[in-house]
Amino acid sequence: MRNQFNRRHFLRGTGALIALPTLESIGFRQFASASVAKQGIPPKRAVFLGTGFGMTKETWFPDTGKTGSDYELSEGLSPLARHKSDITVVQGCSNQFANEAHWGSTFWLTGANRYSLPGQNMANSISVDQVVAQQLGQETRFSSIQLNSSELQGHGPGLSMAWDQRGKPVAGQNDPLQVFHKLFSADDMPLAQRQAAIAENRSVLDAVLTEAKRVQRGLSKTDTDKLDEYFQGIRDIETRLGKDEDWLDVPKAKAPLDEPTPGLKGKFEMEIMYELIVAALQTDNTRALTYRLPANTLLQSLEVKHSAHNVSHYSPGDRMEASKARDKAHSQMLAGLIDKLKATKEADGSSLFDHTTVAFGSNISSIHYLTNCPTVLAGRGANLKLGQHLVLPKDTPLCNVWLTMLHGMGIKAERHGDSSEIVKELQA
């Protein structure tokens with residue numbers, strides 16, 4: 001194994017070898033994953049779809065009196081009827097630290113306490129998609145892919161739904177055309193120039209690390225902590241440079257779909273983004289994706305005149321009807337995504353759906369309530385028990401669901417966010 005550890009795994013520029021936090025997965029687990037790939041076993045994947053202002057309480061959530069497989073889909077979930085045996089609706093979950101009624105996705109995948117750092121009013125922790133990326137993204141061109149809509153009302157702070165291991169935001173892309181080219185268009189820059197650019201960036205990093213090392217001694221604890229965070233940021237850049245280098249001479253996969261039309265908004269944007277998600281998984285460009293779904297533009301494409309915020313403050317009348325129409329649109333497109341995952345075949349004859357887990361939901365349940373986060377799970381990639389309506393005790397940590405998913409994907413995390421245990425009722 002010693003020959004496998006190259007400069008991508010250590011930094012040589014601060015007077016010592018600095019191991020990256022993902023060393024374990026880069027080491028033994030990488031070889032285990034490669035062994036699985038050689039056996040022709042399709043990899044596990046995870047997709048997280050987040051809404052902004054939640055759903056319509058009166059018509060989206062199934063009747064809590066009917067659980068298990070003997071339940072009826074609500075009006076808002078009715079477009080998913082053909083997939084009822086392949087989805088699970090979970091109620092009762094929340095993030096205990098959630099306190100912002102306009103932040104539908106900032107802490108949805110992290111379960112973090114925004115006040116956990118003294119003197120700061122905004123802190124976060126790693127999102128579950130990035131845990132997946134750390135463990136399963138070593139062999140793919142992109143460790144993870146973050147998608148945004150063209151407008152993000154109701155989602156809250158962040159550059160996407162993804163947050164790294166330091167709780168820092170991970171950037172996302174909001175243009176389907178740019179995402180298509182990122183995945184499938186060849187880089188026109190000659191190979192030698194790309195290699196030179198990576199080498200130059202590494203030289204800059206080494207010089208910066210050397211200078212930072214010189215001032216490390218004699219610092220206060222606060223300054224030492226800041227410098228440690230700085231070092232971690234440099235290591236993260238080094239990791240990305242290493243992955244770029246690994247894929248320099250590997251041609252991109254042939255696109256399994258046509259180039260998107262420029263300027264798509266609302267449901268049209270969502271439809272093509274869902275196609276791009278399937279294409280990214282199908283070509284094994286990545287195994288971890290997030291998508292912050294549109295709010296205002298979705299309503300506009302449904303010919304609703306109200307803003308997403310005003311619709312979120314619905315009462316019986318046209319705003320409530322708009323809220324219900326939005327819910328059905330989400331369910332219709334989610335059903336379409338499941339259709340595509342089921343129809344896309346793996347090399348062994350199974351489907352993408354058999355090896356992918358999809359989570360749909362929000363940190364906000366309805367109007368501005370922060371309890372009972374709407375949650376729909378689909379796909380067999382995490383060994384979850386599907387075809388049921390599960391009502392958990394009130395205020396069960398939503399991170400218990402994420403922890404259960406991680407375990408089902410073979411990622412044995414001890415905990416995630418504010419999780420307290422796995423959800424046994426979710427395990428197949």
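Here, each number is a calculation from the coordinates, and none is a lab measurement. Quick caveat: nothing in here was measured; it's all calculated off a predicted structure. Here the Cβ positions follow ideal geometry from the backbone for every residue, glycine too, while neighbour counts run over all protein chains shown.
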**Item:** Nearby lysines by direct alpha-carbon distance to residue 328 (threshold 19 angstrom, same-chain neighbours under 8 apart not counted)
**Value:** 57, 84, 265, 267, 305, 340
**Asked** How do 371, 396, 356, 210 rank when sorted from fewest to most other Cβ atoms within 10 Å of their own Cβ?
**Response** 210, 371, 396, 356
**Prompt:** Measuring from a point 7 Å past the Cα of residue 257 along Cα-to-C-beta, which residues in region 278-311 have an amide N at less than 11 Å?
**Reply:** 278-282
**Additional length obtainable on full extension of the chain from residue 394 to residue 102, 0.36 nm per residue less Cα span** = 103.0 nm
**Request:** Report the calculated FRET efficiency for residue 342 and residue 221 (r = Cβ-Cβ distance, R0 = 51 Å), to the nearest 0.05.
**Result:** 0.40
**Message:** Can you give the local net charge around residue 269? Use residues other than it whose beta-carbon is closer than 12 angstrom to its beta-carbon, Lys and Arg +1, Asp and Glu -1.
**Reply:** -1
**Prompt:** For region 264-295 and region 305-330, what is the separation of their Cα centres, given in Å?
**Reply:** 24
